[in-house]
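Please read the structure below before turning to the comments.
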Amino acid sequence: MAPQLERQTTAERQNTLTNADNSMANVVREYNTPGTNPQQQQQRSNDLAGLNGTLETSGVIPGLTITDMHSSKPGDPNAPEAVTMQTSDPTTGGRVLGDAQYNPQTHQLAFDRTPVLPGTKKPEPPTEDVREHVTVDMLTGRETVTAPGENGTTRTTTRDSVGAEDPTTVVTAPANGKPEVVQTEATDKNGATMITQYQYDNGGNLKTYTPPGGQQTEVPAGSTVDQKTGVLFATQPDGTKIDVTPQGRIFTTDPTGKTSYIVKPGDTLWDVSRDLAKVQGNLTPSDTDIQGLASQIGHAGDNHNPNAIKAGETINFGVGTRTDATGQADPNAQGDNLDLTKAKPSDAPSPPAPAGWTANPGNPNEWDRPGGKVDLPPGAKNVHPNGDNLEATLGNVTLRYDKDGHLKVTSNGADLGAVGGDNVAFTEPGSHYLVITNGGKPVRYLNTENGSSLEQMDGHWRHYTPPKGKLVDLDASFVPKPDDQGNVDLPAGQL
């Protein structure tokens, strides 16, 4: 169960952390003031006790008690302070090794401890000394732990606040004279670990990545993984940017600046907005920061409640058409003209979606689904999950894949039925004839203007003319061959 601090809003947490940091600064000043008379010593003792009480309330360094301080430059209130701490529970918090260091200018507390995190290298007896280096931002509560991992790797684990149960770990390994991110580890809401792995070529260029429970996927040239956040940054040839978080959230930003996100099971509007802030470089977003992003979403939600998001739907953070209070176009608005109620950390998660469609950031025409994947034809546009289905447009045709990957085609509002193959494409650019293949061999030709078709059945071809036409067997020797324009001729008449 998450600690009580995690159930505070970030504004409440910020207030307790600020009080803790102010108390730390006050004690630093006391300890840097010359003099050792009994009154001063008592004042320092009182301030230190007050500081420990404030730290306990804030939860910023749980299980640790400060027992003494001494400045590196006595008399200088801005000098780093050596902080002597004791550990109340070494089995969970680690034993502090040596003095900690508090920097009143950066507000950071840093110390070494005995290993407690899973994945930290196990010391080789009898002499190897393995430590975890901990840095705590006293103003935000963000904790960063750096430790050696197995096989020469370095593990950097971050938490939004000390004691939070959803850390992110970035694992790097030395290669080509520089560190490369080889793995990220994140924790979902159920406490399960999600592992993403990254593969490079001999020149150190990121080539593929393997998402949690997914398949190895190619990424565009020039893709990188941030060593602090573990976010995968990729850019498509058309300028579309793809950002993938260690939690598996994929944000897509088109060349106009519109950012889209397809809701995953368990998502909340608050969590999605928080992750987008981090992708944009704000590692410790405040309530105001998160609400600012949430308020720019073009999303109406169920019964006009934007907090009721559904798995599989798309929410947009991009530049939109919302107007300001005067009715004029708001250049800073990034959502549609919708009334958005305030998002809260307690927003209910989205319901599960059995289809579970997931876009491949390295290939915009490839979508994963439970048990397989779907390859969309070149030129497919407006791709989006719709309930259990994945839908797209191709010219004047609407493609609809069901949760089992079966494809149906609609043209000019008329349902042309299942295509009976594994791929679909126009016979030629600009043509209105679709060719459906199965295993690379044509099994159907479809005229998207009138719905007539040629279908291969029982080793020969049949011709169908809608709306109430019949399947007509063609000569067994007939083999359809599209011409240079992609048209398909029949022995008698045009398809």
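Taking Lys and Arg as +1 and Asp and Glu as -1, the other residues whose beta-carbon sits under 10 Å from that of Trp367 total -1.
When the dipole is taken about the Cα centre of the stretch 171-246, and only Lys, Arg (+1) and Asp, Glu (-1) are charged at their Cβ, what size is it in debye, to the nearest 20? Before the final figure, lay out the partial values.
Details: 5 positive and 8 negative charges, 24 e Å.
Dipole size: approximately 120 debye.
For the stretch 171-246, the gyration tensor built on C-alpha atoms gives an oblate shape. Its axis ratio a/c (a ≥ b ≥ c) is at least 1.5, and a/b is not larger than b/c. If you take the alpha carbon atoms of the stretch 214-262 and fit the smallest convex hull around them, that volume is 91 Å³ per residue. With 31 Å as the limit on Cα-Cα distance, the pairs of Lys258/Lys441; Lys241/Lys481; Lys122/Lys373; Lys121/Lys228; Lys258/Lys373; Lys73/Lys178 that go past it are Lys258/Lys441; Lys241/Lys481; Lys122/Lys373; Lys73/Lys178. Normalised by residue number, the volume inside the convex hull of the Cα atoms of the stretch 115-211 is 126 Å³ per residue. Report the one residue of Gly177, Gln215, Asn202 whose Cα lies farthest in the direction of the positive end of the charge dipole of the stretch 171-246 (charges on C-beta: Lys and Arg +1, Asp and Glu -1; origin at the Cα centre). Result: Gly177, furthest along the dipole toward the positive end.
Values quoted throughout were computed directly from the atomic coordinates according to the rules given, and no laboratory measurement underlies them. The shown structure was predicted, so the numbers you read here are calculated from the model rather than taken from an experiment. Using ideal geometry, Cβ is built from the backbone for each residue, glycine included, and neighbour counts are taken over all protein chains shown.
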